[in-house]
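The values are calculated or read from the model by the stated rules, or taken from the named source; none is laboratory data. Quick caveat: nothing in here was measured; it's all calculated off a predicted structure. All Cβ positions, even for glycine, are placed from backbone atoms using ideal geometry, and neighbour counts span all protein chains on display.
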Amino acid sequence: MTGLDWAVMGAYGAVVLAIGWAAGRGHQSAGDFFLGRRRIPAWAVFFSMVATELSAATFIGVPHAAYGGDWSYLQLAFGALAAKLTLAAFVIPHYHRLGLVTVYGLLGRSFGPRSRLCSAWFFLAGRVLASGVRLFIAGLAFAAVTGFSVPWAIVLAGTVACAYTFAGGIRAVIWTDALQGIVFVVAAAATLILVGGRLDGGLAAALHAAGEAGKTEVFHLPAIFQAGPGAGETLGALGRLWEGFRTNYLQSDASLALSVVGAFFLVLATHGTDQDMVQRLLTTRDGRSGGRALWITGVTNFPLTLLFLLMGTCLWAFYQGPDRAFDGSYGIADSKRIFPLFVLHEMPAGLRGFVFAGLFAAAMSSLDSAVNALATTFCVDIAGRRRLDSPPSMTFVKISTLIFSVLVVGAALLFVPYERIASAGTEGFNLVKLALSAMMIVYGGLLGAFLVALLTPGRGTDRSVLTGMIGGGLTGLLLFLQPNYLDEVAVNYLWWIIIGTLVSFALGAAVPRKRGT
């Protein structure tokens with residue numbers, strides 16, 4: 001890192017703080033801090049969502065996935081698009097018509113205060129953990145290029161994001177994210193152009209070599225009767241059916257069917273029950289504008305994901321391909337940091353600083369919205385549940401923002417020893433899966449409860465929905481912890497939300513709703 005690189009990164013950080021401060025001017029109430037007076041234009045919400053969806057997990061993890069594997073991650077985009085179209089057409093306009101401040105108000109109106117309170121606590125616990133994972137992943141990259149330790153890198157990113165979120169609330173989040181989304185997409189494109197220019201034959205040669213190595217395969221269609229490795233020859237038809245299903249579908253997330261269905265359930269949860277995403281959709285003038293911003297992100301998800309996958313493939317060609325250009329002058333054993341290592345050692349000064357500013361943007365865009373959503377949910381659904389007609393004071397809102405900033409940074413720091421253990425062993429430490437699975441513990445319980453409210457108007461009570469959420473959450477926790485008592489991942493992470501949702505929905509809808517409730 002040169003002085004020019006640090007100057008570029010410093011200038012970018014100053015611009016972000018200035019935008020956050022400017023966006024915060026004129027805030028006079030907690031409602032403004034939470035929803036920006038519902039006057040945010042749809043295009044700004046779109047860029048903000050792109051920034052948060054990509055995140056540091058995408059910026060670092062997706063190139064890492066393509067570098068060590070193939071393009072099967074793109075299968076998830078098909079299920080995500082179907083879910084976003086569904087939410088944009090039916091759910092987001094419904095939330096706007098109800099005038100919700102947080103999405104958990106839906107459960108309060110449909111069933112009662114206990115289900116609303118439980119859903120809020122589920123979100124707080126899951127989002128702190130999941131946002132901590134994203135911040136931790138960004139810390140890995142910062143540490144690789146700055147010489148800081150991972151903990152100090154985490155604290156730095158957390159401090160900057162907290163500063164402008166504290167100053168400007170949701171408006172600061174959306175306007176800074178709009179800038180940050182543009183910055184790190186441009187940074188990713190610049191990296192791809194540079195690495196392609198370093199390869200003999202350019203991008204075409206890299207794609208040809210990767211294709212021959214099976215690294216550009218997108219769709220996986222395993223035969224269900226195909227028995228997995230180690231299956232005995234004496235297995236009967238039912239045995240082969242089970243072994244094939246277990247190996248190709250239950251334990252693996254590579255199959256097209258599971259990727260599409262799992263992503264559909266996942267995005268229904270992330271963009272329909274997670275205040276982190278839903279909050280910015282509630283800042284638009286009406287449900288139609290919010291829905292439009294949402295479904296457009298589903299369409300643009302394809303080229304953006306392909307951009308990062310292609311980057312990972314080109315990095316593979318540069319470092320390991322048959323015509324590799326890498327001279328072996330530095331270590332690349334830790335493939336999780338392969339993208340920041342390339343930027344650090346192969347990019348010219350100035351451009352290197354710009355790309356790392358993009359990485360910095362990815363980290364902050366995930367953290368800022370999470371902190372604001374956490375504070376909003378706590379103030380409205382937990383602390384303010386007994387005084388619905390009296391919004392919280394700005395002092396209380398600001399203190400809540402600071403507290404949740406500290407909690408997310410603390411959660412990120414908890415993963416530091418885990419990363420050291422994983423780095424010592426293996427190939428199984430997948431950054432994308434870690435980021436996606438962290439919220440799966442609570443998503444099934446939340447989504448099942450929301451589906452009861454949205455799909456079964458005559459079913460569900462406050463007690464049954466509460467029971468369903470707890471049942472779905474415990475199911476998610478057991479699935480998350482399965483390596484601790486099974487010594488393997490017997491059920492893939494995409495199944496967790498499907499199973500948890502079914503458990504939560506079945507329990508929640510088991511009791512008929514009383515008339516007038």
Suppose we filter Gly358, Gly321, Gly353, Gly331 for residues that are under 23 Å from the mean Cα position of the chain (by Cα) and small (Gly, Ala, Ser); which single one remains? Gly358
So Gly290 ticks every box in (1) surrounded by fewer than 24 Cβ atoms within 10 Å (Cβ to Cβ); (2) more than 29 Å from Val195 (Cβ to Cβ) but one. Which box is left unticked? (1)
Considering only residues of the stretch 121-143 that are modelled with pLDDT under 85 and surrounded by fewer than 23 Cβ atoms within 10 Å (Cβ to Cβ), which is farthest from Ala383 (Cα to Cα)? Ala143
For the condition farther than 22 Å from Ala77 by Cα, assigned by TED's automatic domain parsing to the domain that holds Ala510 and either modelled with pLDDT of 75 or more or buried (at least 21 other Cβ atoms within 10 Å of the Cβ) (or both), what is the one hit in Val397, Val452, Val416? Val452
With respect to Val278, determine if the residue is assigned by TED's automatic domain parsing to the domain that holds Thr52 and either surrounded by fewer than 19 Cβ atoms within 10 Å (Cβ to Cβ) or at pLDDT below 85 (or both). no
Out of Gly444, Gly472, Gly458, report the one residue that is buried (at least 24 other Cβ atoms within 10 Å of the Cβ) and either more than 26 Å from Ala257 (Cβ to Cβ) or touching a residue at least 60 places away in the same chain (Cβ under 8 Å) (or both). Gly444
Tell me, yes or no, whether the stretch 340-363 has at least one residue that is aromatic (Phe, Trp, Tyr), in contact with a Gly (Cβ under 9 Å, 6 or more places away or on another chain) and under 18 Å from Phe47 (Cα atoms). yes
Those residues that are crowded, with 20+ Cβ neighbours inside 10 Å and of a type in the set (A, V, I, L, M, F, W, C), I need them from the stretch 338-353; list them, please. Ile338, Phe339, Leu341, Phe342, Val343
Among the residues of the stretch 353-376, is any more than 29 Å from Phe166 (Cβ to Cβ) and either at pLDDT below 80 or not aromatic (Phe, Trp, Tyr) (or both)? no
Within the stretch 390-405, the residues that are closer than 16 Å to Ala163 by Cβ and touching a residue at least 60 places away in the same chain (Cβ under 8 Å) are Val397, Lys398, Thr401, Leu402, Phe404, Ser405
What are the residues in the stretch 63-73 that are part of a helix (DSSP H, G or I) and crowded, with 20+ Cβ neighbours inside 10 Å, if any? Pro63, His64, Ala65, Ala66, Tyr67, Ser72, Tyr73
Only one of (1) part of a helix (DSSP H, G or I); (2) touching a helix residue (DSSP H, G or I) at 6+ places or on another chain (Cβ under 6 Å) fails for Ala130. Which number is that? (2)
Between a first residue in the stretch 506-517 that is modelled with pLDDT under 80 and a second residue that is not in a loop (DSSP other than H, G, I, E, B), which pairs have beta carbons less than 9 Å apart while being 6 or more apart in sequence or on different chains? Thr517/Ser110; Thr517/Asp462
From Gly272, Gly290, Gly350, Gly321, residue being in contact with a His (Cβ under 9 Å, 6 or more places away or on another chain), touching a residue at least 60 places away in the same chain (Cβ under 8 Å) and in the same structural domain as Asp70 (by TED's automatic domain parsing): Gly290
Within the group Ile92, Ile19, which residue is under 22 Å from the mean Cα position of the chain (by Cα) and in a helix (DSSP H, G or I)? Ile92
